[in-house]
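Peer 1: Before I ask anything, here is the structure I am working with.
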């Protein structure tokens, strides 16, 4: 009798544990599509993609790739890689738009590089689910605009799971801002010159900290400093600076700063980047461009919906972001933003790249995501029509070989 009770209790425990912590079962999946948009090679008509153990097992035409027995079959008009959002605040900035779910900007100090995105990111935030259902499978999120150095960013998959389970890169870049939004949040700095002087002062401290940390005499090395350590990673080239700068004067300030301290620069927003093509090329700065349908207002008064096409034609790779919205619904959808960029001069192929392989390369995760290739993560989006046609829908989303959404949005 005791054994029966023990077995019964054990079964209850197993069922309860499985309810709390569902096992992630990676399926064997086959996808047949009228068009497979691989991004890095020619589009495949009447194509097949096989998924096994969370990876892309094979991709090719139906004549080349045979579907093995036991694979669950999905049919689609079009298949693309999972979309990659190069700059968003979802998971940090919440859908409720009230203080309790707004963790994107700490206003106690204008320079806080030690703030870790992984400490604040909420993978259960409804906005993460929203963008996932529209095909976004990888996001670059973290601390927001409005501080000279607001904190760190991370790269995550939008699949359900704990922070540790979904995080791809816990510390990707340092989020920084040059412009009027900083002066609106702090009593100091109040001017552009003060903004740059404050950033320079901290970077000079970091240079000194780095030099002393490498002293052969260990007794002369400084005590560990979280702020200086984060800035040192920037100076050593281990991470990039993601600097939000929109007017040409602010973009030039960011370029000048990166040259002075020899760090890797990613320009975020970059509303007037079309005016500085040669300067951006010379600086080897990367571009995360504002949402195409952003409003011409404030420091983005001179933005253009044709900028993505202008930069691409000049040979500058463009990644289009959803960015940050301070009002409900709190986020944009990059699929729609890329579609409007195509309507303003981009080709279909280049528009797809702005939300797949371009941001994957910029983020340093292109060996895993951004295109449909054998061996890459099985992050795939299935559509019932042209992805950029407004009457089409995202119907199935697959992340790491698991179907995470089956509804036509």
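Peer 1: Just checking, how many residues over region 376-394 are over 20 Å from residue 40 (Cα atoms) and crowded, with 22+ Cβ neighbours inside 10 Å? Write out each step before concluding.
Peer 2: Residues of region 376-394 over 20 Å from residue 40 (Cα atoms): 384-385, 389-394.
Within this subset, residues satisfying the condition of being crowded, with 22+ Cβ neighbours inside 10 Å are 394.
Of the residues in region 376-394, 1 are over 20 Å from residue 40 (Cα atoms) and crowded, with 22+ Cβ neighbours inside 10 Å.
Peer 1: Could I ask something else about it? Being surrounded by fewer than 24 Cβ atoms within 10 Å (Cβ to Cβ) and touching a strand residue (DSSP E or B) at 6+ places or on another chain (Cβ under 8 Å) is the requirement here; does residue 167 meet it? Break it down stepwise before answering.
Peer 2: Working: surrounded by fewer than 24 Cβ atoms within 10 Å (Cβ to Cβ): yes; touching a strand residue (DSSP E or B) at 6+ places or on another chain (Cβ under 8 Å): yes.
So residue 167 passes the test.
Peer 1: Would region 231-244 turn up any residue that is more than 28 Å from residue 297 (Cα to Cα), touching a strand residue (DSSP E or B) at 6+ places or on another chain (Cβ under 6 Å) and touching a residue at least 24 places away in the same chain (Cβ under 8 Å)?
Peer 2: yes
Peer 1: Would you mind stating whether residue 222 is part of a loop (DSSP other than H, G, I, E, B), touching a helix residue (DSSP H, G or I) at 6+ places or on another chain (Cβ under 7 Å) and crowded, with 16+ Cβ neighbours inside 10 Å? Spell out the reasoning first.
Peer 2: Details: part of a loop (DSSP other than H, G, I, E, B): yes; touching a helix residue (DSSP H, G or I) at 6+ places or on another chain (Cβ under 7 Å): yes; crowded, with 16+ Cβ neighbours inside 10 Å: no.
Against the criterion (part of a loop (DSSP other than H, G, I, E, B), touching a helix residue (DSSP H, G or I) at 6+ places or on another chain (Cβ under 7 Å) and crowded, with 16+ Cβ neighbours inside 10 Å), residue 222 does not qualify.
The rows are residues; the columns are (1) under 19 Å from residue 402 (Cβ atoms); (2) in contact (Cβ under 8 Å) with a residue 60 or more places away in the chain.
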| site | (1), (2) |
| --- | --- |
| 151 | no, no |
| 168 | yes, yes |
| 188 | no, yes |
| 193 | no, no |
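Peer 1: Oh, and also: Only one of (1) out of contact with any strand residue (DSSP E or B) (no Cβ under 6 Å at 6 or more places or on another chain); (2) in the same structural domain as residue 191 (by TED's automatic domain parsing) is not met by residue 55, so which one is it?
Peer 2: For residue 55, the exception is condition (2).
Peer 1: Anything in region 346-367 that is touching a helix residue (DSSP H, G or I) at 6+ places or on another chain (Cβ under 9 Å), touching a residue at least 24 places away in the same chain (Cβ under 8 Å) and surrounded by fewer than 17 Cβ atoms within 10 Å (Cβ to Cβ)? List them, or say none.
Peer 2: Answer for region 346-367, where residues must be touching a helix residue (DSSP H, G or I) at 6+ places or on another chain (Cβ under 9 Å), touching a residue at least 24 places away in the same chain (Cβ under 8 Å) and surrounded by fewer than 17 Cβ atoms within 10 Å (Cβ to Cβ): just 348.
Peer 1: Looking at (1) touching a strand residue (DSSP E or B) at 6+ places or on another chain (Cβ under 7 Å); (2) surrounded by 14 or more Cβ atoms within 10 Å (Cβ to Cβ), which is the one condition that is false for residue 61?
Peer 2: Every condition holds for residue 61 apart from (2).
Peer 1: Quick one: how many residues across region 199-219 are under 29 Å from the mean Cα position of the chain (by Cα) and either surrounded by fewer than 13 Cβ atoms within 10 Å (Cβ to Cβ) or in contact (Cβ under 8 Å) with a residue 60 or more places away in the chain (or both)?
Peer 2: 3
Peer 1: For region 271-281, indicate whether the set of residues that are on the phi > 0 side of the Ramachandran plot and outside any helix (DSSP H, G or I) is non-empty. Reasoning before the result, please.
Peer 2: Initially, region 271-281 is screened for residues on the phi > 0 side of the Ramachandran plot, giving none.
Among the residues of region 271-281, not one is on the phi > 0 side of the Ramachandran plot and outside any helix (DSSP H, G or I), which makes the answer no.
Peer 1: Okay, next question. Do we find a residue being surrounded by fewer than 24 Cβ atoms within 10 Å (Cβ to Cβ), at pLDDT 95 or above and more than 14 Å from residue 88 (Cα to Cα) anywhere in region 149-159?
Peer 2: yes
Peer 1: Consider region 28-53. How many of its residues are in a loop (DSSP other than H, G, I, E, B) and surrounded by fewer than 17 Cβ atoms within 10 Å (Cβ to Cβ)?
Peer 2: 6
Peer 1: Checking the structure you have, find out if any residue of region 311-319 is under 20 Å from the mean Cα position of the chain (by Cα), assigned by TED's automatic domain parsing to the domain that holds residue 166 and in contact (Cβ under 8 Å) with a residue 60 or more places away in the chain.
Peer 2: yes
Peer 1: A follow-up question, please. Considering only region 287-310, how many residues are outside any helix (DSSP H, G or I), buried (at least 19 other Cβ atoms within 10 Å of the Cβ) and under 20 Å from the mean Cα position of the chain (by Cα)?
Peer 2: 7
Peer 1: Give the residue, chosen from 264, 284, that is free of Cβ contacts under 8 Å to residues at least 24 places away in the same chain, under 17 Å from residue 319 (Cβ atoms) and under 21 Å from the mean Cα position of the chain (by Cα).
Peer 2: After ruling out the rest, the residue left standing is 284.
The values are calculated or read from the model by the stated rules, or taken from the named source; none is laboratory data. It should be emphasised that the depicted structure is a prediction, and the values quoted were computed from it without experimental measurement. So basically every Cβ, Gly included, is an ideal-geometry build from the backbone, and we count neighbours across all protein chains shown.
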